[in-house]
1. Can you tell me the length gained on complete extension of the stretch V143 to A107, counting 0.36 nm per residue apart and subtracting the Cα distance?
2. Can you order the peptides 77-84, 48-55 by their average number of other Cβ atoms within 10 Å per residue, highest first?
3. Testing the spin-label approximation: label points 7 Å from Cα along Cα→Cβ at E80 and V93. State their distance in nm.
4. So who's got an amide H within less than 5 Å of the one on V109, skipping anything under 5 residues away but keeping other chains? H placed 1.01 Å off N, in plane.
5. Check the straight Cα-Cα distances from K62 and name the lysines below 18 Å, setting aside those fewer than 8 residues away within the same chain.
6. Rg and Dmax in Å for the range 71-141, alpha carbons only: what are they?
7. Would you work out which of L128, Q99, F83 lies farthest towards the positive end of the dipole of the range 71-141? Charges go on Cβ: Lys and Arg +1, Asp and Glu -1.
Amino acid sequence: MISLSPLLLVLIGGVSLLVPMTRQQLLSGMPDWGVIVRVVAFAVAICLGSAAAAYFAIRRAKRIAAVIDEGVPVTGTLTEVSFNLRKQTGQVVYRYTYQDTDYESWAAVFRNIGSKNLEPGDPVDLVLDPERPTVAFIKAMYVE
């Protein structure tokens, strides 16, 4: 998932490229091709970055949907529940057993009515990928 902080830095950098172009065009009356090339390169980079982010987001959503639809249901136990109250986000860590092997995984969660009542020791319904049993998703986060 893309964080907004790097994206804002990239946008600020792109805007700073536009300012010299405008000033130079006003003073000389002629375009500065070096600046124009940089601005076009910046625009192309933003488009490619957005396309890459969309590709990876769609790929992840398809993978989660496939595991939820075709995965193996198991019951796990929450071992840790923590929230950053300022950001209203958190993390839950859970353990589960599949084919006599113990696994531990985690999920990022938003603090809401469903998640704020979670406590360590609570059972949780999971769906795991039988080909990669280290990958398990909390069913309630993806199924109504």
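None of the figures in this text is laboratory data; all of them are computed from the coordinates on show. Computed from a predicted model, the values in this text were never measured in an experiment. Cβ coordinates were reconstructed from backbone atoms using ideal geometry, including for glycine residues, and neighbour counts include every protein chain displayed.
1. Values: separation 36, 0.36 × 36 = 12.96 nm, distance 1.51 nm.
Using 0.36 nm per residue and subtracting the Cα-Cα distance, I get 11.5 nm.
2. Working: 77-84: 14.5, 48-55: 11.2.
Ranking, from highest mean packing down: 77-84, 48-55.
3. The answer from the label model is 0.2 nm.
4. Amide H neighbours of V109: G90, Q91, V92.
5. Output for K62: K139.
6. According to the Cα coordinates of the range 71-141, Rg and Dmax are 12.2, 40 Å.
7. The residue sitting most towards the positive pole is F83.
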